[in-house]
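Quick notes on the structure that follows.
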Amino acid sequence: MAVRYIRKDNDPALRQKAREIKEITPAILRLLDDMVETMDAAQGLGLAAPQVGIPKRMVVVRMGKNDLLELINPALISREGKEVDVEGCLSFPGMYGEVPRSPEVVVEGLNREGKTVRVKGTGLLARALQHEIDHLEGVLFVDKVLKFVDK
Ligand code: ZN
């Protein structure tokens with residue numbers, strides 16, 4: 001495994017639309033491992049493949065030491081409500097802003113075994129999932145910030 005360089009600010013890799021993963025190969029699994037290691041090294045809550053310069057649809061989210069989510073081709077199935085809260089992004093170190101998100105979402109994707117998994121997220125997990133899935137479309141949290149704040 002390896003910690004990868006996280007693309008930042010105006011890096012064009014962050015604006016690319018990520019492509020669907022057709023086959024879960026050993027290289028894909030290695031990338032997934034690297035993404036987890038990179039996220040953990042940076043003490044982040046989540047990371048999407050475009051942030052390490054790979055335009056593929058995969059995200060990792062960590063809500064706790066033993067609470068790791070790895071999703072390949074994640075899709076937002078449903079969302080409910082709207083809530084404004086402060087968030088940041090490993091690609092924009094030191095920047096925080098108030099972003100409206102749905103506090104309840106259902107996301108579907110594949111796990112590393114290629115099995116379809118359905119994740120129901122609320123609160124911070126719902127926010128993290130929406131933030132990471134946005135990355136796959138080249139959409140960044142700074143696009144959605146209502147107000148930048150100091151943290
Ligand atoms: Zn981000």
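The values are calculated or read from the model by the stated rules, or taken from the named source; none is laboratory data. If you're wondering where the values come from, they're calculated on a predicted model, not measured in any experiment. Every residue, glycine as well, gets a Cβ built from its backbone with ideal geometry; the counts of neighbours run over all protein chains shown. Heads up: the accessible areas ignore ligands, DNA and RNA and are worked out on the full protein's heavy atoms, side chains in. Shrake-Rupley method; radii C 1.70, N 1.55, O 1.52, S 1.80 Å.
Could you count how many residues in the range 98-141 are part of a helix (DSSP H, G or I) and either among the aliphatic types (A, V, I, L, M) or closer than 10 Å to residue 76 by Cβ (or both)?
So the count comes out to 9.
Filter the range 1-52 down to residues that are aliphatic (A, V, I, L, M), out of contact with any His (no Cβ under 9 Å at 6 or more places or on another chain) and not in a loop (DSSP other than H, G, I, E, B), then give me how many there are.
The qualifying residues number 11.
Scan the range 133-143 and give yes if some residue there is open to solvent by 70 Å² or more (accessible area, probe 1.4 Å) and within 15 Å of the ligand (Cβ to nearest atom), otherwise no.
yes
Considering only the range 57-81, state which residues are part of a strand (DSSP E or B), surrounded by 13 or more Cβ atoms within 10 Å (Cβ to Cβ) and charged (D, E, K, R).
Answer for the range 57-81, where residues must be part of a strand (DSSP E or B), surrounded by 13 or more Cβ atoms within 10 Å (Cβ to Cβ) and charged (D, E, K, R): 62, 70, 79.
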